[in-house]
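Before any comments, here is the structure.
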Amino acid sequence: MIGAGFFYDELRRRGVDFFTGVPDSLLKDFCAYISANAPPLAHVTAANEGAALALASGYHLAANKTALVYMQNSGIGNAVNPLLSLCDKDVYRIPALLLIGWRGESGVHDEPQHITQGRLTLPLLETLEVPCLVMKGEEAALSAELDEAFSALKRRGVPFALVARKGTFSPYKGAAPADGLNSMISKTLVMSREEAVEEIILSSPDDFFFCTTGMASRELYELREKHGLGRERDFLTVGSMGHASSLALGAASARPDALITCIDGDGAVLMHMGSLAIAGTRKPRGFRHIVLNNGAHDSVGGQLTAAFNIDLAGVARACGYEQTFCVNKREELRFALGAARNGPIFIEARVKKGSRQDLGRPKSSPVENKTAFMKLLCGM
Ligand SMILES: Cc1ncc(C[n+]2csc(CCOP(=O)(O)OP(=O)(O)O)c2C)c(N)n1
């Protein structure tokens, strides 16, 4: 295993002084290290992986240096456009060092949404003409690996990817990142994400739910069991982070008579925030968008997002949502959930970080989930 500090120092030695990306559970120790140790201006948690590559490219244009862009392999899709139409050798030829967490590696047990992505990660990079190497996960091997990466970056002038398997980085136990406002707000929060999800489903027995990627969907799955409720009203968007609200909007377009709620995360809503403008202007009456805002990418290690620093409900209002709420307590959430469904409605529920230690994972497959959901929603 490689110490996050060791990796960081090796990068710094080679002149990398700007770090950006979207966090991944396999990279969480490295993300925690840079959050705590890189100077504030040198680290940006990006809205999505394409934006991260653009940030790194802008940095290169102004500093003539190669930046590091970290991402889960699920994020390669978001980065394809800038890879091929910005950094590519036939366009602007801009280098960046990519650090990609390899979920779903063949032979390593993982969740369904990572299997194909994992199998195709190396072929996909090859197709994209992004040279890469799979890290050995040993400090002794790192220097030679970085030599290879940096000589390719110099020679070719385009992005090079380091692919990190599960267990590449050793646990980082240093101090949590200091963000004054975020930690002040966090301390005032009383409602957990799971309590919020519970309140939502108990208050809205007739809704169909599109729930976001990560722990919210796992909590929703277990809460149905706890309350002896069926799961056929829930579409668990286990992958495709940031798209739950567009899924919900598509369903609301097909079924204007139905009550459709998106349960979103703050990292997820930030990832494709333009979707708010589309929901707000399409104005589906039965559409409700709830963002469980814990100011963090909680499901993959708790790296901070920008969501406590902005007015999410204000953004939704400006995008044309008919009614918007920002709530902190369970009773306030219950009140907002009781609002007449003259949507689109937006509720920002501020919740604490963290989840139950014994939180499980869905036992049914995504296709079983979809089939039960469609059977109830469109009677097929
Ligand atoms: C495109 C893409 N990038 C990154 C990930 C890894 N990932 C899974 S869940 C998650 C965090 C989601 O954060 P948020 O929406 O705030 O919900 P929370 O986990 O805080 O409940 C991330 C980054 C992913 N699944 N897909």
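Once you have a ≥ b ≥ c as the square roots of the Cα gyration tensor eigenvalues for region 129-286, tell me rounded if a/c is under 1.5, and otherwise prolate or oblate according to whether a/b is larger than b/c. Here region 129-286 falls in the prolate category.
Amide H contacts under 5 Å for F169: I2, restricted to partners 5 or more places along the chain or on a different chain, H placed in the peptide plane at 1.01 Å from N.
Note on region 216-366: Cα-only Rg and Dmax are 14.9, 41 Å. FRET efficiency for the pair I278 and K166, taken as 1/(1 + (r/R0)^6) with r the Cβ-Cβ distance and R0 = 35 Å, rounds to 0.45. Highest average first, the peptides 83-93, 65-75 ordered by how many other beta carbon atoms sit within 10 Å of their residues are 65-75, 83-93.
Between amide H atoms placed 1.01 Å from N, distances below 5 Å from F346 occur with H289, Q323, T324, F325, all of them 5 or more places distant or on a separate chain.
Between the alpha-carbon centres of region 40-110 and region 213-266 there is a gap of 29 Å.
Extent along the principal axes, Cα only, for region 27-175: 39, 37, 32 Å, with the longest axis given first. Electrostatic tally near G280: other residues with Cβ closer than 10 Å to its Cβ, Lys and Arg +1, Asp and Glu -1, net +2. State whether region 1-115 is rounded, prolate or oblate according to the following rule on the C-alpha gyration tensor (a ≥ b ≥ c being the square roots of its eigenvalues): a/c under 1.5 gives rounded; otherwise a/b larger than b/c gives prolate, and the remaining case gives oblate. Taking the square roots of the gyration eigenvalues as a ≥ b ≥ c, region 1-115 is oblate. Projecting label points 7 angstrom from Cα along Cα→Cβ for A340 and N64 puts them 6.5 nm apart. Loop-located trypsin sites (Lys or Arg not before Pro) in region 173-244 (DSSP state other than H, G, I, E, B) with a sparse environment of at most 15 neighbouring Cβ atoms within 10 Å: K173. Dividing the C-alpha radius of gyration of the chain by 2.2 N^0.38 Å, with N its residue count, gives 1.01.
Distant-in-sequence amide contacts of N294, defined by a placed amide H-H separation under 5 Å and a gap of 5 or more residues or a different chain, comprise D266, V351. The Cα trace of region 103-189 gives Rg and Dmax of 17.8, 52 Å, the first to one decimal, the second as a whole number. Taking the Cβ of G320 as the center, what net charge do the other residues with Cβ under 15 Å away carry, scoring Lys and Arg +1 and Asp and Glu -1? Counting the neighbours of G320, the net charge comes to +4. If you take the square roots of the eigenvalues of the alpha-carbon gyration tensor of region 83-143 and sort them as a ≥ b ≥ c, do you get rounded (a/c under 1.5), prolate (a/b over b/c) or oblate? Verdict is oblate for region 83-143. Loop-located trypsin sites (Lys or Arg not before Pro) in region 127-159 (DSSP state not H, G, I, E or B) with no more than 15 neighbouring Cβ atoms inside 10 Å: K136. Cβ-Cβ distance of R156 and E225, R₀ of 51 Å, FRET efficiency by 1/(1 + (r/R0)^6): the value works out to about 0.45.
No lab work stands behind these numbers, since they all come straight from the coordinates. As the structure is a computational prediction, the values presented were derived from the model and not from experiment. So basically every Cβ, Gly included, is an ideal-geometry build from the backbone, and we count neighbours across all protein chains shown.
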